[in-house]
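Only the coordinates and a few stated rules stand behind these numbers; no lab work does. If you're wondering where the values come from, they're calculated on a predicted model, not measured in any experiment. Cβ sites come from the backbone with ideal geometry, for glycine too, and all protein chains shown count toward neighbours.
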Amino acid sequence: MSSIASGTVSTTRSTLCFRKIPKSATVLSMLHRSSSSSPRMLLLLSSSSANSAKLLNSNNGLLISSSPKPFRPVMQWQDVTRVKMVVDAPASVAYKLYADREMFPKWMPFLSSVEAMEGSPDLSRYLVKLESFGQNIEYHFLAKNLQPIPDRKIHWRSIEGFENRGSVRFFPRGPSSCLVEISFSYEVPNAFAPVAFAMKPFMEKIIRGGLERFAAFVKTI
């Protein structure tokens, strides 16, 4: 090893690994001086990675650091709430249509396919394909339907792939109509972090468009 010297120092708690500090490293901040019987410790942030803090023993120029961890941005969950519309169908009919997940692409064209898992009636695999933000988007996820309330509520959460969860509620508005309300939450994919601010109105638009097509679809059955 050319610029790396390794060794160990026994302590009562653990064994520490040491490496020589690169001369090009930039010291961004320093700890206050400790007592005269202890070495001074400097808090070093490398210019190449402002996110990793390391402790520097200024007496002998040795760097004490833990194993590096991969950087993973934390994305916020975003909510699309109360996208709703009155449709010309009883709540029981609208509920029955939404309960048949493989029919979703009929009014949600961004869903290329929905496949119910054989032997697991509460699981479905979804394939999303659409074009937006100047690129083709394709995501898949496996979702689990949670315990429904017949003729009133369907809800789900993803257990694999694109992180999302949501519900569809049905409120009777007489013998031949009902209010359908969709709530949807999702985690912004890393690929869309630069346009995260635009994701919420975009998702609201496509969900509302799907609900409009559903309202038109129920009139044909």
How would region 146-201 be classified by its alpha-carbon gyration tensor: rounded, prolate or oblate, with rounded meaning a/c under 1.5 and the a/b versus b/c comparison settling the rest?
oblate
If the label point sits 7 Å along Cα→Cβ of residue 92, residues of region 167-181 with amide N under 15 Å come out as 171-178
So residue 171 and residue 147, fully extended at 0.36 nm per residue minus their Cα-Cα distance, gain in nm 6.8 nm
Just tell me which aspartates and glutamates come within less than 16 Å, Cα to Cα, of residue 205; anything on the same chain fewer than 8 places away is out.
79, 131, 181
Interchain or sequence-distant (5+) residues whose placed amide H lies within less than 5 Å of the amide H of residue 112 are 127, 128, 129
Shape category assigned to region 96-141 from the gyration tensor of Cα positions, a/c cut at 1.5:
oblate
How long is the gain from residue 198 to residue 99 if the chain were fully straight, where each residue apart is worth 0.36 nm and the alpha carbon distance is subtracted?
32.6 nm
Hits among aspartates and glutamates - C-alpha to C-alpha of residue 129 under 12 Å, sequence gap 8 or more where chains match:
138
Once you have the Cα-Cα distance between residue 137 and residue 120, take 0.36 nm times their residue separation minus that, and quote the gain in nm to one decimal.
3.3 nm
Give me Rg/Rg_expected for region 110-221, where Rg uses Cα atoms only and Rg_expected = 2.2 N^0.38 Å with N residues.
1.16
